[in-house]
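Please treat every number below as a calculation from the coordinates, not as lab data. All figures in this text were calculated on a predicted structure; none of them were measured in a lab. Here the Cβ is made from the backbone with ideal geometry for all residues, glycine too, and neighbour counts use every protein chain on show.
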Amino acid sequence: MSKLIYVLNGPNLNLLGKRQPEIYGHETLADVEERMRKKAATLDLTIEFFQSNYEGAIVEKIHEAREKADGIIINPAAYTHTSVAILDALNAFDNPVVELHISNVHKREAFRHHSFVSARAEAVMAGFGTLGYELALEYFK
Ligand code: CA2
């Protein structure tokens with residue numbers, strides 16, 4: 001049976017492709033979602049794609065995933081570096097978690113070098129651009 005993977009995106013990622021293309025590329029989040037859906041179909045995966053600018057909404061989506069998802073791919077965006085609440089929610093999720101960043105956070109400001117989420121993630125990706133979303137699906141095939 002097809003695995004269900006939740007793809008969760010944090011604050012400001014709704015602006016993808018609309019600003020700072022030198023860091024985040026030219027693809028919009030809708031482009032990313034479409035490309036992931038096509039790739040997922042080739043891997044016999046189904047995706048639930050979600051973005052929110054609100055920490056609590058992301059926490060609640062992770063709670064929903066506890067009952068439904070076989071895995072989570074999460075780009076927590078700025079909450080990566082601040083959110084114990086998202087870490088705690090992920091710690092209550094029993095299936096694999098892949099943390100993903102479009103940019104190479106380790107090449108950027110020091111405050112982006114620490115991630116609360118990495119303590120829970122099975123795998124961490126950074127610097128593959130928006131291609132990373134597609135690559136992350138391979139983990140679950
Ligand atoms: O590289 C990543 O994917 C990040 O998670 C993106 C976050 C940043 O805070 C993390 O340190 C690294 C920022 C997402 C904001 O996305 C924008 C996209 C286009 C224009 C403005 C913001």
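Which of the residues belonging to the stretch 84-107 are more than 12 Å from the ligand (Cβ to nearest atom), surrounded by fewer than 13 Cβ atoms within 10 Å (Cβ to Cβ) and charged (D, E, K, R)?
Asp94
Are any residues in the stretch 18-30 over 15 Å from the mean Cα position of the chain (by Cα) and either more than 7 Å from the ligand (Cβ to nearest atom) or touching a residue at least 40 places away in the same chain (Cβ under 8 Å) (or both), and if so, which ones?
Scanning the stretch 18-30 gives Pro21, Glu22, Ile23, Gly25, His26, Glu27.
Output the number of the condition that Phe50 fails; it satisfies all remaining conditions of (1) touching a Phe, Trp or Tyr at 6+ places or on another chain (Cβ under 8 Å); (2) in contact (Cβ under 8 Å) with a residue 60 or more places away in the chain; (3) within 16 Å of the ligand (Cβ to nearest atom).
(2)
What residue, among those in the stretch 108-134 that are basic (Lys, Arg) and near the ligand (Cβ under 10 Å from one of its atoms), is surrounded by the most Cβ atoms within 10 Å (Cβ to Cβ)?
Going through the qualifying residues, I end up with Arg112.
For the subset of the stretch 69-104 comprising residues that are over 14 Å from the mean Cα position of the chain (by Cα) and of a type in the set (Val, Ile, Thr), which member is nearest to Gln20 (Cα to Cα)?
Per the stated criteria, the residue is Thr82.
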